[in-house]
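Since the structure comes first, as structure tokens, the remarks are kept for the end.
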């Protein structure tokens, strides 16, 4: 075998073996325990970034480890191929988005293969292909039949640049998540899926997700936002009989403190009042131009205008003004809120701004340290009711039930459970997406398509932001049962495709059904899912919801799509910028900057190579195109090899934490691989005897024990803890121990324990650096593939220590260490401690008052 490590030669050779033997093809086998390992599928943007490399290496390490545990492993890959970037790129380059997407997929697939990921490529799924999205369309018609999907006019977040609807989760700081254009409100007809029908189940079954991070579960609970409250009616003063405002509150105990009502700009009362009030009409128009994202509404300036209409308080009969307020959303609850400025800080600030009365109706519980000073701020805690008539003296908890009962008896309200989560709007006014399979007949009736797929006509030209499907007779015109109609021109939100792709992977060749139930129920649920925590309230919530929809359609049996979730951290790198005379930031690639580093390798200054101009150090930030701070993984692969890239991303940081990219860390990973390669080459073809622990000398047993300690450590780190960085560190420690072992070439057992240690080191590292491991395994004469090698078992007898290290303290301070026999008595340990040269120095001239021996750990000598 070659003496020097040559990554390109090694990796090409090993990948050829994998491909020719279809090593990673997954086949249903009920005689084995299955393991479905899945990383979130990428968008085919053109090339991989280091975030991809890290994410997919994590999945690959887990998949390979589980296979070596004897499990039947499925690890597929595909492409989340619809979406705005392809459409925008097509407009910019005057090309078809389909062509752009296919070219990107081809390049990225080549990159993924070069990294040696153990994917079953025969299961590859591309979401923009009709054989995939036709089943999504079929499934949507089933939801229509069950009244789980519907169309309505709704106020939406509208991106004027991309001319499409955005979900609330896609609005960041009031701007579009993709192009940073300020988002507007707009009324538009939209298709929705009733995710709220599943709100309670989605919430309760979070408790079943034992293998999911608590942070994700908390985010989902908060997003679903279950609350118990009271829905009540405020009748309008001087209005027609029966006219009223419905509101929902979680604090009915504060009802007597209501001094105004707030309604959304789109509320019928607001619109009616604006008809003869130009100033109010302009204010409403201003509200409609602002964001509908709750996070933005919470922080923006609160504005309002009185409608001139009053409502009657349901208990006191007092009249309260109705205001249009920019913080009230029509799509949340009834579009109206009762305002209690004495006990809600937002209402308090609004009341102060517009000089509205503030009443106290809750006081702190006697003996508490809380204070109520409504001149300074609202008192928002629960307490005891005051100024509340017959409810005075009741606790907030008691008043909740009693006020609800009082309202219910009079037909003015009732208890109700509400959810913060809204129904899922799945319409997008874009071209590059799966067509929504609905048809509006000339009779006005809306019906489902009858043939699938409703195929996207990819030959249409994109000449701007507007979808070419609109006003396109060749696509729109259709006849159903002899009646003419027009196809829907909206396309599905791409979260539709990514909500069920994992299930299609189990049976991509199913031509007659959305899923082959036998295959799907064998592989599902996913045993390990890997992706970013930023998907907690978008993809991961829809992912869970869609699975329950498929379950209720009889397609799958399980209740949840994945039993375990790992959320990896971001990849960060140094960011450099300059500012022009206008103060505009210009970001520069690290390749264009000459940097100066300190002794620890941290960048402390830099200049542009082209001009010598000093750059501003913006610190470590997430790799992104906008910051020009990405590192091309292909360059790393070309120079150092895929195994080095894999090893570095796994070693540099725990998977759930951010990884700070360091060039010297890449060099270090490559150096370690070369070192291990050289060590193994020296022993690759050595024919050795089996190791018998009972016959080993002291130094031989020490290395043998170190080997099995490492096996135990790495097994736990890979399998339970997913602490790949500490697993690699343990393998490095074992490699150091091998290097330091002074082997006698004439001693057969010396060679045996070294070869035993090296073989196990290679096996343990193989999930991370599979090409190197396979090449060495093959060169040593092994006939099996290393990925099919059984995972090493720990020799428990080797873990029994002959000696243990005892810490020596004098008056609580460490003064030395000593190795003692594992079965040494307390007296023997104490005697060795007192004989230690350094200990003797610190007790000299003092009286030893006490010697404390903690077996297996330390000795503390108390002297003065």
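The values are calculated or read from the model by the stated rules, or taken from the named source; none is laboratory data. None of these values were measured; they are calculated from a predicted model. Glycine also receives a Cβ, built like all others from the backbone with ideal geometry; neighbour counts cover every protein chain displayed.
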- Looking at the stretch 468-533, what strands (runs of 3 or more DSSP E) fall wholly within it and have at least 3 residues that are under 17 Å from residue 452 (Cα atoms)? 477-480, 483-487
- Query: Conditions: (1) surrounded by fewer than 24 Cβ atoms within 10 Å (Cβ to Cβ); (2) part of a helix (DSSP H, G or I). Residue 59 meets all but one. Number of the miss?
  - Reply: (1)
- Query: Do we have residue 461 as in a strand (DSSP E or B) and either outside the structural domain of residue 329 (by TED's automatic domain parsing) or surrounded by fewer than 22 Cβ atoms within 10 Å (Cβ to Cβ) (or both) here?
  - Reply: no
- Output the number of residues of the stretch 555-588 satisfying the condition of being in contact with a helix residue (DSSP H, G or I) (Cβ under 8 Å, 6 or more places away or on another chain) and either surrounded by fewer than 20 Cβ atoms within 10 Å (Cβ to Cβ) or touching a residue at least 60 places away in the same chain (Cβ under 8 Å) (or both). 13
- Item | Criterion (surrounded by fewer than 16 Cβ atoms within 10 Å (Cβ to Cβ), modelled with pLDDT of 95 or more and more than 30 Å from residue 224 (Cα to Cα)) met by exactly one of 392, 451 | 392
- Note on the structure: Residue pairs qualifying under the 8 Å Cβ cut-off, at least six apart or on distinct chains, with the first in the stretch 841-863 being without any contact (Cβ under 8 Å) to a residue 24 or more places away in the chain and the second being in a loop (DSSP other than H, G, I, E, B), are 846/864; 847/864; 849/864
- Task: Could you tell me which numbered condition residue 688 fails, if it satisfies all but one of (1) assigned to a helix (DSSP H, G or I); (2) surrounded by fewer than 20 Cβ atoms within 10 Å (Cβ to Cβ); (3) in contact (Cβ under 8 Å) with a residue 24 or more places away in the chain?
- Result: (1)
- Note on the structure: Residues of the stretch 837-861 being within 16 Å of residue 826 (Cβ to Cβ) and either assigned to a strand (DSSP E or B) or not assigned by TED's automatic domain parsing to the domain that holds residue 807 (or both), in sequence order, are 848, 850, 851, 852, 853, 854, 858, 859, 860, 861
- Could you list all residues from the stretch 313-339 that are within 20 Å of residue 253 (Cβ to Cβ) and either assigned to a strand (DSSP E or B) or without any contact (Cβ under 8 Å) to a residue 40 or more places away in the chain (or both)? 317, 318, 320, 336, 337, 338, 339
- residue 774, sole failed condition from (1) in a strand (DSSP E or B); (2) in the same structural domain as residue 726 (by TED's automatic domain parsing): (1)
- Output the residues belonging to the stretch 802-815 that are without any contact (Cβ under 8 Å) to a residue 24 or more places away in the chain and within 27 Å of residue 704 (Cα to Cα). 803, 805
- Query: So which of 788, 759 is within 12 Å of residue 677 (Cα to Cα) and surrounded by fewer than 24 Cβ atoms within 10 Å (Cβ to Cβ)?
  - Reply: 759
- Note on the structure: Quick count over the stretch 796-823, residues being in contact with a strand residue (DSSP E or B) (Cβ under 8 Å, 6 or more places away or on another chain), part of a loop (DSSP other than H, G, I, E, B) and closer than 13 Å to residue 855 by Cβ, is 1
